[in-house]
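Reading through the C-alpha cells given below for one structure.
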Amino acid sequence: MRPVAARGVTRLFGSFAAVDGVDLDVAAGEVVGLIGANGAGKTTLIRMLLGLLQPTAGHIRLFGEPPTRERRHRVGYVPQNLGLYRDLTANENLEFWADVFSAAPDDGATPDGLIGELPLGVQRRVAFLAAIEHDPELLILDEPTSGVSPLARAGLWDMIRARAEAGAAVLVSTHYMDEAAQADRLVLMAQGVVAAHGSLSDIVAGRTAVEVVADRWAEAFELLDRTDRRIALAGRAVRVLAEPPDVVAGELRRAGIEATVRVVPATLDETMVVIGS
Ligand code: ATP
C-alpha cells in the first residue's frame with residue numbers, strides 16, 4: 001500500500017486557496033523533495049497529510065487509510081519548529097518521544113545541556129532522531145536543514161538517505177537547491193498548485209537565462225537591474241531571467257558596454273523564480 005496518496009487536495013483560508021488541487025504520491029524507499037518559495041503552500045499540504053489540518057476538498061490516504069492518530073505510529077514528522085521541548089536535554093527529549101511511541105530509546109551519544117541552548121544543527125539532529133525512534137515507514141520532514149551549517153546538512157542528508165534505503169518513504173520540504181538535487185523526485189509548488197514535477201532536469205527542462213559576461217560587469221549589472229526584471233550575479237557573470245537576449249544585448253550596446261551575451265540553461269533556483277512569479 002502506497003505510504004502517501006493525495007488527490008485534488010485543496011485548503012481554503014477564507015476565500016484564499018493556500019493549497020489548490022494538489023496530487024502527490026510517495027512510494028516506499030523514495031525521497032520526494034517538496035520545493036517552492038515561501039508561502040507556496042508546502043507546510044499547509046504537509047499538515048493535511050498528517051491529519052493536523054482538514055482539507056477543504058480532495059482526499060488523502062496514508063497506507064490506504066485516511067490520516068488519523070493511529071496512522072501516526074507509522075509516520076515520523078519533523079515540523080519546521082522541530083517540536084522539541086526546549087527545557088529538556090537532548091536525551092530527555094529522545095526518551096519522551098520513545099515513551100510516546102513505546103520505542104526503545106536510542107542510546108547513541110547525545111550532548112548534555114538543555115536542547116534550547118544547543119546549536120541549531122544539533123537540535124535538528126535530535127529532532128530527526130526523535131522522529132525515527134519508532135522506525136516509521138513514512139518520514140515527513142518540513143525544512144529539516146534550515147539554518148544548519150553545510151556540514152551538518154550533509155550529515156542530515158546521509159541519515160535521510162539511509163532511512164530511504166532501509167525502505168522508508170520520505171517527503172522533505174526544502175529551500176536549498178543543492179538538497180533538492182539529492183531527492184529522487186521533486187514536486188515544485190507555486191501559489192498553492194503543483195507547478196512542475198519530476199527529476200531536476202525535467203523541472204528545469206528547456207528553461208533558459210541570459211548570461212552577460214563583461215569586463216565592466218558591475219556597470220552592466222547596474223544598467224540591467226530594473227525593478228520589473230529578475231537579475232542575479234553568478235560570480236561576475238550577470239544573469240537575466242525571462243528576457244530575450246537581443247533586448248539585453250541592445251541595452252548594453254546603447255550604453256557602450258562591451259559584453260558577450262548568450263542564452264544558457266537556467267538553474268533550478270532561476271526556474272523556481274520564473275515559475276513562482
Ligand atoms: P514556508 O516555506 O514559508 O513555510 P510554505 O510553502 O510552507 O511556506 P504555507 O505555510 O503552507 O507555505 O502557507 C501558504 C499560504 O497560506 C501563505 O500565504 C500563508 O500565509 C497562508 N496560510 C497558512 N496558514 C494559514 C492560516 N492558518 N490562516 C490563513 N492563512 C494561512
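Derivation of every value follows stated rules applied to the coordinates shown; laboratory data play no part. As the structure is a prediction and not an experimental result, all values here were calculated from the model. Positions of Cβ are backbone-derived with ideal geometry, glycine not excepted, and every protein chain shown enters the neighbour counts.
Here are the numbers for this structure:
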item: Over segment 1-82, relative contact order from alpha-carbon pairs under 8 Å, at least 6 apart, %; result: 36 percent
item: Arg2 versus Arg69: modelled label distance in nm, points set 7 Å from Cα along the beta carbon direction; result: 2.9 nm
item: Mean Cβ neighbour count within 10 Å, used as a protection proxy, ranking 197-203, 1-7 highest first; result: 1-7, 197-203
item: Ordering of 44-52, 254-262 by burial proxy (mean other Cβ atoms within 10 Å per residue, highest first); result: 44-52, 254-262
item: Residues with amide H under 5 Å from that of Val19, placed H, sequence gap 5 or more; result: Arg11
item: Exposure proxy ranking, count of Cβ atoms within 10 Å, fewest first, for Phe16, Phe128, Phe63; result: Phe16, Phe63, Phe128
item: For Leu120, Leu53, Leu129, Leu138, order by how many other beta-carbon atoms lie within 10 Å, fewest first; result: Leu120, Leu53, Leu129, Leu138
item: Residues with amide H under 5 Å from that of Ala190, placed H, sequence gap 5 or more; result: Ala195
item: Computed FRET value (nearest 0.05) for His175 with Ala249, which takes r as the C-beta separation and R₀ as 45 Å; result: 0.85
item: Per-pair calculated FRET efficiency, R0 = 35 Å: Val193 and Met159 via Cβ, rounded to 0.05; result: 0.65
item: Burial ordering of Trp157, Trp217, fewest other beta-carbon atoms within 10 Å first; result: Trp217, Trp157
